[in-house]
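Below is one structure, written out as structure tokens; comments come after it.
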Amino acid sequence: MANKDFEGIHILITRPEAQAVIWAKQLHKLGAKVTLQPMLAIRPVEDDEAKQAIINNILHLDEYQKAIFVSQNAVECGIDWIDQYWPQLPAQINFLAVGSSTATLLSQKIDQLGGADSGHAINFPEQAMNSEALLALPILQAVDGEKVLIFRGCGGRTYLGKSLEARGALVDYCELYRRLIPDTIDSAKIIQFKESTQTPVTAVHSGETLHNLCTAIQASDLSWIKQQALLVPGERVAQIARDLAFKNIIIAENATHESMIEALHDWRKR
């Protein structure tokens with residue numbers, strides 16, 4: 001891929017700032033102009049009841065056969081909690097991640113905890129980056145009677161947990177953070193994006209981010225954005241976009257930076 005393959009494209013990046021900055025640098029190197037306006041904020045839980053629920057789960061970590069991390073945010077928050085109470089990870093637990101990026105981060109964090117020599121391999125689906133692909137892994141086929149702990153944000157999708165329960169697993173949730181609309185939406189950035197002379201593309205990395213976008217910006221701006229190209233990760237988010245009346249949808253295989261860039265590159269060629 002040439003260094004300036006995306007020259008002439010202006011991309012509005014809406015994912016949380018920590019991940020947005022990394023991706024923006026990649027896109028900029030490929031020649032794209034980028035505007036960062038997060039439409040999703042991640043905040044660790046703060047109330048005492050929620051914190052105590054996390055502690056209760058972490059203290060009983062050695063009772064679980066499987067620990068599933070649904071996102072990089074779940075890894076960042078979850079491993080910090082584990083580090084406080086487990087100087088050495090329980091040997092019998094199998095770690096799983098939804099997607100390669102989450103798996104890579106989880107592996108790095110476990111190594112930092114001294115788990116590199118403990119045989120804790122990370123199981124993850126190598127293609128699709130969703131619950132459906134995770135559930136297809138061999139390690140999750142025979143879980144009758146096993147205890148599974150899912151590290152996630154508050155009120156996440158229930159499909160994964162319910163599917164495992166249907167297979168006989170005993171599922172608990174360790175809810176670590178809340179997903180919110182950012183406190184500030186910079187309308188000047190949206191105006192700058194609209195007035196750009198380059199081809200506009202709005203990129204969202206989740207259905208929740210897309211809903212927040214539709215809630216947080218002015219109706220006239222949203223009406224215009226719906227007529228432009230929208231880059232999404234996977235068919236599930238694409239269907240949400242169709243239901244919200246977006247007209248020109250670019251579908252990536254998953255939410256990794258590499259997959260999103262590949263989908264954008266294919267769209268550009270067409």
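Quick notes on this one:
- Candidates per GluC sites (Glu not before Pro) in the range 156-212, loop by DSSP, up to 16 other Cβ within 10 Å: Glu195
- More than 23 angstrom apart: percent of Cα pairs within the range 148-242: 42 percent
- Environment charge of Ala229, counting only residues whose C-beta is closer than 12 Å and scoring Lys/Arg +1, Asp/Glu -1: +4
- Over the range 95-160, the Kirkwood radius and the radius of gyration, each from Cα atoms, give a ratio Rg/Rh of 0.97.
- Local electrostatic count at Ala53 - Lys and Arg +1, Asp and Glu -1, tallied over other residues with Cβ under 14 Å: -3
- Set of aspartates and glutamates near Lys269 by C-alpha distance (under 13 Å), chain-local residues within fewer than 8 positions excluded: Asp5, Glu7
- Over all distinct Cα-Cα pairs of the chain, the Kirkwood formula returns a hydrodynamic radius of 19.8 Å.
- Neighbourhood net charge (11 Å Cβ-Cβ; Lys/Arg +1, Asp/Glu -1) for Ser100: -2
- Distance between the modelled labels on Asp183 and Tyr159, one decimal in nanometres: 3.4 nm (7 Å Cα→Cβ projection).
- Bridge orientation summary for the chain: considering DSSP beta bridges with both residues in this region, about 10 percent are antiparallel.
- Accessible area of the range 158-241 divided out per residue, in Å², using a probe of 1.4 angstrom: 46 Å²
- Unit charges on C-beta of K, R, D, E only; dipole of the range 148-199, Debye: 180 debye
- Loop-located GluC sites (Glu not before Pro) in the range 7-74 (DSSP state other than H, G, I, E, B) with a sparse environment of at most 13 neighbouring Cβ atoms within 10 Å: Glu7, Glu46.
- Counting only protein heavy atoms and a probe of 1.4 Å, the accessible surface of the chain is 47% carbon and sulfur.
- Which of Leu30, Asn73, Leu89, positive extreme of dipole for the range 4-89 (C-beta unit charges): Leu30
- Stokes-Einstein diffusion of the range 224-270 at 37 °C, 0.692 mPa s viscosity, Kirkwood radius from Cα pairs, rounded to a whole number: 309 µm²/s.
- Per residue accessible area in Å² of the range 24-157, where ligands, DNA and RNA are left out and the probe is 1.4 Å: 47 Å²
- Listed residue pairs exceeding 24 Å between alpha carbons, taken from Lys51/Lys189; Lys109/Lys189; Lys25/Lys247; Lys29/Lys109; Lys29/Lys189: Lys51/Lys189; Lys109/Lys189; Lys25/Lys247; Lys29/Lys109
- Ellipticity estimate at 222 nm from DSSP helix runs (n ≥ 4, -39,500 (n - 2.57)) divided over the chain, nearest 500: -12000 deg cm²/dmol
- When all alpha carbon pairs of the range 69-215 are counted in 5 Å bins from zero, the resulting P(r) reads 2, 8, 15, 19, 17, 13, 9, 7, 5, 3, 2, 0 %.
The values are calculated or read from the model by the stated rules, or taken from the named source; none is laboratory data. Treat the numbers as computed from the prediction; the structure is a model and nothing was measured. Virtual Cβ from ideal backbone geometry, glycine too; neighbours counted across all protein chains shown. What goes into the accessible areas is simple: the full protein's heavy atoms, side chains included, and nothing from ligands, DNA or RNA. Shrake-Rupley method; radii C 1.70, N 1.55, O 1.52, S 1.80 Å.
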